[in-house]
Amino acid sequence: MLNFKRWKATAALMLALVSPVTAAATMTASILEAAPAQAQGSRFGDVPDSHWAEDFITALVDRGVIAGFPDGSFKPEAPVTRAQFSSMLQGAFNKGKTRSAIDFVDVSRSHWAVSAIDNAYETGFLSGYPGSIFRPEQNIPREQVLVSLANGLNYRPDAPVDEVLNYYNDSFAISGFARSPIAAATEENMVVNYPVISNLNPTRNATRAEVAAFLYQALVREGQAGAIASNYIVDPDPIATQFKIPAGTAIPVTYTRDKILLMPDETLPVTFDLATNITTQDGKLLIPADSKVKGQLKPSGEGTKFVAEELIFPDGTVQPFNAASQTITETETIRKGSGNTGRIVKNAAIGTAAAAAISAVTGDRAIATEELLIGAGAGAIAGLIQNFLGRNSVDLVVVEPETNLDITLGSDLLVSAR
């Protein structure tokens, strides 16, 4: 099986956390929003079992990452501020610091989330705005949550960013700074979209339920939580489907006959079978072995070469295919009365002009009705025979797909995993 290195794109991302906030700060936070849960249950009156995010919310409450409100509600549709998100990050992850904290002018040292904000900054999950501003009470959009998680956890996209993001109906609305991190988050199964899985809504403020889902999926990716079954988790497999097979790659083919016989100046349409599966390095099937390569054998110098035109997949999908073989100059000679004709034509596909030449030289008209003919067909042979009458021998080019036909890509080939 051929293995090809999966085409890589690049990107950068962010996220992290620290120790729990103080008891006093936690009490204030639980009133304001979402500090780690105290002795609360994991079920809420406004989050029924049928709620799309119930499993994510319950799991994070049980872990002390997120909390409900004193009235027993969770408020799943309420927005999340940057301070609240910092607190959630602190409860979810234990990541080392990558930079020193700074004093944000709008975050006093008595602010309930100052410790969480410091750690969100120190660990690379969140940054401030120019002028040392953090905006702790600003609601955080969905794309910023995903960017924060991707950057903080150092995720990088594998496939070209635009190819990944094209999955989303509203990919055009993703901000430039967020495109690469969101592509990485998508590939890492971190994106959860409700109710339409292909609608990202990147600039809409994230809800508490959505942030819970994003955070939990990040924990799954980090191996810190078990997977939760959900119909709204974006699956990267059908998204990042385009892979590049680089120019110069050899494509092995087979044929129904052992060889093809043709005249040096003859052009023949030929369809070869792929000899083996072509896969990515991690085993994703790119081109199945029962695919076909359609093209022509064309005169080239003193011989012939195969020029591919189309790649035909088993499901009937057709893709342009820029590939060609080297020039093949191997020949066999048919001589009048030599008795070697049977050996030469055995299990061979014979071009129309070649068949006419063989018939004229040997006097064997049966070759004109053989099913082995390719090209114009038997009906054209009668007229062509006149061109070769009087010859005692004829040289035929011999193409043996298993031994002397090496097809290589003339340009990069983009194909989808199947």
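Details
- With a Förster radius of 60 Å applied to the beta-carbon distance between E309 and S132, the computed FRET efficiency rounds to 0.45.
- Just so you know, the Rg over Rh for the stretch 241-418 is 1.05, from Cα atoms, with Rh as the Kirkwood radius.
- Set of the stretch 254-291 residues, backbone N closer than 20 Å to the point 7 Å along the Cα-Cβ line of K346: 255-262
- Cleavage-rule hits (GluC sites (Glu not before Pro)) in the stretch 90-199: DSSP loop, at most 15 neighbouring Cβ within 10 angstrom: E137
- Cross-link pairs exceeding 30 Å between alpha carbons, from the set K292/K336; K294/K346; K244/K305; K294/K336: K292/K336; K294/K336.
- Neighbourhood charge, 14 Å Cβ-Cβ cut-off, centred on L268 and excluding it, Lys, Arg +1 and Asp, Glu -1: +2
- Across the alpha-carbon atoms of the stretch 54-189, the computed radius of gyration and Dmax are 15.9, 47 angstrom.
- Total formal charge among the other residues, if their Cβ is under 11 angstrom from that of E54, Lys/Arg +1 and Asp/Glu -1: -2
Read-outs throughout are calculated quantities, based only on the coordinates presented, and are distinct from any laboratory measurement. Quick caveat, the model's predicted, so the values are computed rather than measured. Every residue, glycine as well, gets a Cβ built from its backbone with ideal geometry; the counts of neighbours run over all protein chains shown.
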